[in-house]
Amino acid sequence: MTGGAGAAMRVADEWKKRLYQLVEVHLPPALALYRRIHARPELSGEETATAALAAERLAAAGFEVAAGLGGHGVAGRLRNGTGPRLLIRGDMDALPVREETGLAYASTVTSCGPDGQALPVMHACGHDLHTVAVLGAAAILAELRATWAGELMVVCQPAEETVGGAKLMIADGLYERFGRPDWGIALHVRPELPTGSVGLRAGILSAGCRSLDVTIRGRGGHGAAPHKAVDPIVLAAQFVLAAQTVVSRETHPAEMVVVSIGSIHGGSKRNVIPESVELKLTIRGYKEAVIAAADAALRRHARGLASAAGLDENEMPVFHPAEPPFRPVVNDEPLTQTLSALFTDLLGAERVVRQEPSTGSEDFGDFSPAGAELPLCMFHLGCTAPERLARVETGEEKLGLLHTPRFAPDAEPT
Ligand SMILES: [Zn+2]
């Protein structure tokens, strides 16, 4: 490979030929590894077996390996002379979903849930494919080391679905140990895109997120004497309606922000006014300042309603962060252009598709810490064979989307 971020990229035919030969060699073991990881998925924070396989493959490819980073995180470094340091990241965790793909290597695995119940586990977001793809890239780039110079840092990240794995790996000294990368690249499969194609976008790719738990407090009492109580159920209902105006009346119409309240629980009996009501909500947005403004507005509405109901300062609503917040993924313009040119050369222009920003979230952005940003690019990888997509188009087949029991990427052509 030649050329830096932003430079037009044209890969020599000889190099391409060698690359395709190596892909042929590495594909069968990669598919075997994919089926093995797919059949034995592990939930966020439990990725022991997957991490062990990743560490073993990286060591076999000649990488210096660090395991147990931020939980089960694994990273490998290959030093190859003087040049830039590139990070490539794949995530490893699965979801509590019961697989219904009917594949020969479908998961039948369960894990133990928080209340001791059995949870079905499935790679319903394709992280098994990401892990195998970065390990395959690591093995091939190791064999091609005479054609490039610099350092390759391969990161197999745990706990993406529960968010925080990236941050934990950084906090556990990933960059102190292997150096701060000059660029970072990641991929995510997209069942809507045909195999053999990639999706790219410069700028915002996915939203940042804050998850909050809110306790709306009141003064409990007898349902027959509401005048002697302050009813938190009424206050919570007012808050739910007020929250709808944060996006529609307080945010600039050109800015993207979503506020969704996904859970509301209060009370136990018809004739008892409870002491409090619990809500769980998510805020998504493309800019951290816009998310922060929506968060502040929600708190202001909740306090204002409590105060109008006559509650005292020590009875104001309480907001707790439910999960670590995460940053939007913003793809660096020059790096995205470089990747786009490279993919165009390798795949053809018609197989490089422009993507729209998503309101979903992903913690890859945390590899570029606030105040010490580095250029990142996440691209989408098509994972449904074109003939299957054609059947989806005519209604003969239903496409299994990400996070659903029927998500089934066509691993070989992907
Ligand atoms: Zn995912």
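The values are calculated or read from the model by the stated rules, or taken from the named source; none is laboratory data. Every value quoted in this text rests on a predicted model; they were computed, and no experiment measured them. Neighbour counts are summed over all protein chains in view; Cβ atoms, including those assigned to glycine, are modelled from backbone coordinates with ideal geometry. The protein model used for the area step is the full one, side chains on, heavy atoms only, and it has no ligands, DNA or RNA in it. Shrake-Rupley method; radii C 1.70, N 1.55, O 1.52, S 1.80 Å.
Here is how the numbers come out for the structure above:
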read-out: Filter result for the condition that a residue is at pLDDT 95 or above and open to solvent by 10 Å² or more (accessible area, probe 1.4 Å), over Ala142, Ala133, Ala138, Ala186; value: Ala133
read-out: Residue count, the range 97-118 (criterion: touching a strand residue (DSSP E or B) at 6+ places or on another chain (Cβ under 6 Å) and buried (at least 16 other Cβ atoms within 10 Å of the Cβ)); value: 3
read-out: Qualifying residue in the range 398-406 (condition: free of Cβ contacts under 8 Å to residues at least 24 places away in the same chain and farther than 30 Å from Lys16 by Cβ); value: yes
read-out: Residue within the range 345-363 that is polar (S, T, N, Q), part of a helix (DSSP H, G or I) and over 24 Å from Thr251 (Cα atoms) present; value: no
read-out: From Ala289, Ala242, residue being outside any loop (DSSP other than H, G, I, E, B) and open to solvent by less than 70 Å² (accessible area, probe 1.4 Å); value: Ala242
read-out: Among (1) more than 16 Å from the ligand (Cβ to nearest atom); (2) of a type in the set (A, V, I, L, M); (3) outside any helix (DSSP H, G or I), the one test that Leu53 misses; value: (3)
read-out: Val154 being within 16 Å of the ligand (Cβ to nearest atom) and in contact (Cβ under 8 Å) with a residue 40 or more places away in the chain; value: no
read-out: Pair list, Cβ under 9 Å, 6 or more apart: the range 55-69 residue at positive phi, other residue open to solvent by 50 Å² or more (accessible area, probe 1.4 Å); value: Gly62/Arg145; Gly68/Asp172
read-out: Answer from Pro274, Pro226, Pro232 - the residue that is open to solvent by 50 Å² or more (accessible area, probe 1.4 Å) and not aromatic (Phe, Trp, Tyr); value: Pro226
read-out: Hey, Val214 crowded, with 18+ Cβ neighbours inside 10 Å and either within 16 Å of the ligand (Cβ to nearest atom) or assigned by TED's automatic domain parsing to the domain that holds Thr384 (or both) or not; value: no
read-out: Matching entry among Gly90, Gly68, Gly45 (being assigned by TED's automatic domain parsing to the domain that holds Ile185 and either in a helix (DSSP H, G or I) or more than 16 Å from the ligand (Cβ to nearest atom) (or both)); value: Gly68
read-out: Some residue of the range 246-269 being under 21 Å from Glu362 (Cα atoms), under 25 Å from the mean Cα position of the chain (by Cα) and either in the same structural domain as Phe364 (by TED's automatic domain parsing) or assigned to a loop (DSSP other than H, G, I, E, B) (or both); value: yes
read-out: Total residues in the range 9-42, condition within 21 Å of the chain's Cα centre (by Cα) and either outside any helix (DSSP H, G or I) or β-branched (Val, Ile, Thr) (or both); value: 4
